[in-house]
Amino acid sequence: MAKTIEEINEKIKKGKAVVLTAEEIIDYAAEKGVKRAAQEVDVVTTGTFGPMCSSGAYFNVGHSKPRIKLGGGKTYLNEIPVYTGFAAVDFFLGATAMPEDDPRNKIFPGKFAYGGAYVIEELVAGKDVRLTATAYGTDCYPRKALETYISLKDMNEAVLLNIRNAYQNYNVAVNLSEKVIYTYMGVLQPKMGNANYCNAGQLSPLLNDPLYKTIGIGTRIFLGGGIGYVVGNGTQHNPGVKRTEGGVPKTPSGTLCVTGDLKMMRPKWLRGTSFTGYGVTLTVGIGIPIPILDEEILRYTAVRDEEILAQVVDYSDSYPQCIPGSIGEVNYKQLKSGRITVQGKEIPTSGLSSYLKAREIAQILKEWVEAGKFFLTQPVELLPSVNSGIAFKALKERPIKKKE
Amino acid sequence: MQKKRIVLNYPQHLVDQPVISKLVKDYDLIVNIMRARITPKEEGRLVLELIGKRAGMEAGFKYLSEIGVEIQPLAQDVKWHEDRCTHCTACISVCPTKALDVERTNMEVSFKRDKCIACELCIPVCPYQAMEILF
């Protein structure tokens, strides 16, 4: 018996919806059977809390007196440059932006102690940040310099806009070389001394809806401790990869573009993050509710860590040189056990995405739905799926001819 | 028998003297050197585990103080900022003594101070600056 989103929302309103987390549903479905579980359960909540570099926020800071046109000049929040190529007082802050005088990797490996993501975390924590700008001045925007403290509550709009988040599966990174390497997958010890993975596995949003049957444009979500929405597929969305019989991609696949009001968010769920030798990023908390419309969807949400496979990739050569290839396949149960075996060698594993926090997010979202504070949405469009024909392209370089 | 983990700070004039050798021979202490470093200003810093009888330990400490070596317990120097830790487990595969460990049933990370040898491997590995060594 199929259900509709309207029926589920009606139950939420009456406080009668049955909500389980993506972890709880596993045993529940095994015990009751898929058919009965699909009838009884209305919503399964997912969660993930990991570094997501393509995150950022846009702001409107209001007009100064006299007015200033930030566009065309230079603007900074706590010395972090922002993008001002918009109207007078709108700008975008990227999570990975860093101060112009940061030494980067000149003293290797760089620490990358501060950047855009930290400004986002501080703003969300209610702190004052320094807004500094220089401008060229016009008749209508005469002012040429600005220096002021500003906080989130002073701004007109402050909106998180993350163009690629919540990767559906990810590589397991190892280092086959003889020296330590510093990557966005963490510090990798030589000769496969460790293996780093970055996914919540059985709790991860897109792994619980592997064929994008419920998540789409407009889906209401938990984002950074507040409410957000799915804008659409994220960049590099690549649904056409190899999948298991259960539909779960074996390599990085789908992604989400998400947005939400920064003023409603919490610093606990938007954390400035530094990868030694690599750079700054934002660790983002995302939770997505999955409406159990039928048995098929229930079956997807009951996916277990051991059914989710990931590829082991060498980050000393294969990855930087863009040479495709996996040197081993492991599942998330093995990854979370702390040891995997690759090419006959036993390697200790570490996560970069927090499973503990992913569970907490799924639990919070469950409580919101149970309390009637959070309703499900019918997506305007579903995400492009396996038959969309989308292929992930590499950059084809074409030499630029010099003019005579 | 007692076991203690300590950090010794040597002033410059003691760097070329056989201090550890005296601890072993004169005070009958078992010394396990976990870390040793001489800073650019030629001050020495040693992280030691000492095992020995209480009397020997006390006399050894007295000797160290008298010659001008500063002694502090190791635990004071290593801090796990629990509020900054996200329990991602990035540190787990590099910590050689399992001072940083994870409870696999719920994936919660914990820090056991007494197991830490202040090797500092966790410092560049933690993306959230949750580990701090106050040397």
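Nothing in this text is a laboratory measurement; each read-out follows from the coordinates by a stated rule. Note that the structure is a prediction, hence the values are computed from the model and not measured. Glycine gets a Cβ as well: all are built from the backbone with ideal geometry, and neighbour counts include every protein chain shown.
In the range A:2-100, what trypsin sites (Lys or Arg not before Pro) fall in a loop by DSSP, with at most 10 other Cβ atoms inside 10 Å?
Numbers: sites: A:K3, A:K11, A:K13, A:K14, A:K16, A:K32, A:K35, A:R36, A:R67, A:K69, A:K74; in loops: A:K3, A:K14, A:K16, A:R67, A:K69.
Those that pass, being in a loop and sparsely packed, are A:K14.
Once the Cα atoms of helix B:54-67 and of chain B are each reduced to a long axis, what angle between those two axes, in degrees from 0 to 90 to the nearest 10, is obtained?
80 degrees
Mind listing which GluC sites (Glu not before Pro) in the range A:88-184 are in a DSSP loop and have 16 or fewer other Cβ atoms within 10 Å? Before the final figure, lay out the partial values.
Values: sites: A:E100, A:E121, A:E122, A:E147, A:E157, A:E178; in loops: A:E100, A:E178.
Listed in order of number, the matching sites are A:E100, A:E178.
At a Förster distance of 51 Å, what's the computed FRET efficiency of B:V24 paired with A:K333, Cβ-Cβ distance as r, to 0.05?
0.60
Among A:A358, A:L93, B:C88, flag the residue with its Cα farthest along the positive direction of the charge dipole of the protein assembly as shown, charges on Cβ as +1 for Lys/Arg and -1 for Asp/Glu.
A:L93
What ratio of Cα Rg to 2.2 N^0.38 Å holds for the range A:247-317?
Numbers: Rg = 16.8 Å, N = 71, 2.2 N^0.38 = 11.1 Å.
Relative to the rule-of-thumb radius for its length, the range A:247-317 sits at 1.51.
Distances longer than 27 Å among the Cα atoms of chain A: what percent of all pairs is that?
Details: 44266 of 81406 pairs.
Within chain A, distances greater than 27 Å cover 54 percent of Cα pairs.
If each residue of separation counts as 0.36 nm, what is the full-extension length gain between A:A371 and A:T134 once their alpha-carbon separation is subtracted?
80.5 nm
In a Gaussian network model over chain A where Cα atoms closer than 10 Å are linked, find which of A:M52, A:M155, A:M98 has the largest mean-square fluctuation.
Comparing A:M52, A:M155, A:M98 in the GNM, the peak value goes to A:M155.
Where is the GNM fluctuation largest for chain B (alpha-carbon springs, 10 angstrom cutoff): B:L46, B:L29, B:L121?
With Cα springs under 10 Å in chain B, the top fluctuation among B:L46, B:L29, B:L121 is at B:L121.
At q = 0.13, 0.16, 0.17, 0.19 Å⁻¹, what log₁₀ I(q)/I(0) does chain B have when each alpha carbon counts as one equal point scatterer in the Debye sum?
Computed log10 I(q)/I(0) values: -0.62, -0.84, -0.91, -1.04.
A:A113 versus A:F86, label points 7 Å from Cα toward the beta carbon: distance in nm?
Roughly 3.1 nm, to one decimal.
Suppose a student asked you for the relative contact order of the range A:272-336, using Cα pairs under 8 Å spaced at least 6 residues apart; what percent would you report?
Once normalised by length, the contact order is 25 percent.
At 222 nm, what value in deg cm²/dmol follows for chain B if DSSP H runs of at least 4 each add -39500 (n - 2.57) and the sum is divided by all its residues, to the nearest 500? Don't skip to the end; give the middle numbers.
Details: 3 runs with 27 residues, N = 135.
Using -39500 (n - 2.57) per qualifying helix, the result is -5500 deg cm²/dmol.
For the range A:289-388, state which trypsin sites (Lys or Arg not before Pro) are in a DSSP loop and have at most 11 other beta carbons lying within 10 Å of their beta carbon. Write out the running numbers ahead of the final one.
Numbers: sites: A:R299, A:R304, A:K333, A:K336, A:R339, A:K345, A:K357, A:R359, A:K366, A:K373; in loops: A:R304, A:K373.
Answer by residue number: A:K373.
Using +1 at the C-beta of Lys and Arg and -1 at the C-beta of Asp and Glu, which of A:L298, A:I68, A:T281 has the Cα lying farthest in the positive direction of the dipole of chain A?
Towards the positive end, the residue furthest out is A:I68.
At R0 = 35 Å, how high is the FRET efficiency between A:Q363 and B:K41 if r is their beta carbon distance? Nearest 0.05 is fine.
On the way: r = 52 Å, r/R0 = 1.48.
Efficiency for this residue pair is about 0.10.
Gaussian network model of chain A, Cα springs within a sub-10 Å range: biggest mean-square fluctuation belongs to which of A:S64, A:S326, A:S55?
Maximum fluctuation in the GNM of chain A, among the listed residues, is at A:S64.
Count the net charge of all other residues whose Cβ sits under 10 Å from the Cβ of A:G201, scoring Lys and Arg as +1 and Asp and Glu as -1.
Numbers: positive: A:R304, A:K333, A:K336; negative: A:E23, A:D305, A:E306, A:E307.
So the surrounding residues net to -1.
What distance in nm lies between label points placed 7 Å from Cα along the C-beta direction at A:Q343 and B:E103?
3.8 nm
Please enumerate, by chain and number, the lysines with C-alpha under 30 Å from the C-alpha of A:K13, excluding those fewer than 8 residues away in the same chain.
List returned: A:K3, A:K32, A:K35, A:K213, A:K263, A:K268, A:K357, A:K366, A:K373.
For A:K345, list the lysines whose Cα falls under 21 Å from its own Cα; do not include residues on the same chain fewer than 8 positions away.
A:K179, A:K191, A:K333, A:K336, B:K98
How big is the range B:1-64 by the Kirkwood estimate over distinct Cα pairs, in Å? Please report the intermediate quantities before stating the final value.
Numbers: mean 1/r = 0.0835 Å⁻¹.
Every distinct Cα pair counted, the radius reaches 12.0 Å.
Would you mind ranking A:V19, A:V34 so that the residue whose beta carbon has the fewest other beta carbons within 10 Å leads the list?
Values: A:V19 24, A:V34 14.
Lowest count first: A:V34, A:V19.
Please report A:V386, B:V15, A:V172 as a ranked list, fewest other C-beta atoms within 10 angstrom at the top and most at the bottom. Don't jump to the answer; show the numbers that get you there.
Working: A:V386 17, B:V15 13, A:V172 27.
Going from sparsest to densest Cβ surroundings: B:V15, A:V386, A:V172.
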